[in-house]
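Coordinate-derived values only; no laboratory data. Note that the structure is predicted; figures quoted are calculated from it, not measured. When we count neighbours, we look across all protein chains shown, and the Cβ atoms used for this are built from the backbone with ideal geometry, even at glycine.
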Amino acid sequence: MREQREYERTEACRPTERGRQASSVGRSGPRAAAVVLAVVAALAAGAAPALAQPAATAPAAATAPASGDASGSGDQGERIHQGEATSTVERAIDAAESHAGKPYAWGGTGPESFDCSGLVQASYREAGVRLPRIAQDQVNSGTRVPYSRAERGDLLYWTDGGGYAYHVAIYLGGGRMLDAPRSGGRVGERAVTRTNLAGAVRL
């Protein structure tokens, strides 16, 4: 508890510290005046002071093409999550859809029956992506994102009170998912169930 309070105090002080740093220039007296005179003199002579140069070159960097070349160097830093290629995602979804109507079976990994993580594993394996067998391990195989930011092909997961993932599904978009639901159920597409929904995982 003490460690947490120390952390909160540090975080709360940061804006104050920034404000203090920003306002100290105004209290520098003769030094600040000398800097202002030097900048004015440089501008009058037609030269940009060194401190102004980074600001002048920033727009050029911002207008660089985002698409980049085949090496991908042009879009460095553009994505928060890389994610699987669209074609890979669609192959996995096609594979999952090909199993629609097959019965749920606890521990089932196909091809005749599946449980939830067995379906996810088999579908992504057909698309060339290796995933572990258990739902919790599949959740730990990617980057967790909120459900509000889920994209087609992400894994949705549900947790119990302790945070352990007990169910996974493939998100199709538009509030729809594809999964092997429960005993007595069959693989298929359905509306996303919100009860105990913990979020999504981008592979």
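Below is a table of values for the structure above.
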read-out: By average C-beta atoms within 10 angstrom, highest first, the peptides 169-179, 96-106; value: 169-179, 96-106
read-out: Lys, Arg +1 and Asp, Glu -1 on Cβ, resulting dipole of region 83-203 about Cα centre, debye, nearest 20; value: 180 debye
read-out: Residues whose placed amide H lies under 5 Å from that of Ala105, excluding near-sequence neighbours; value: Phe114, Asp115
read-out: Packing-based ranking, highest mean first, of 193-203, 118-128, 142-152 given that Cβ atoms within 10 Å are counted; value: 118-128, 193-203, 142-152
read-out: Positive-end extreme of charge dipole, region 126-196 - chosen from Ala169, Ala191, Val139 (charges on Cβ); value: Ala191
read-out: Stretchable slack from Thr86 to Trp106, in nm (0.36 nm times residue separation minus alpha-carbon distance); value: 4.2 nm
read-out: Once the Cα gyration tensor of region 86-202 is diagonalised, semi-axes √(5λ) in Å; value: 18, 16, 14
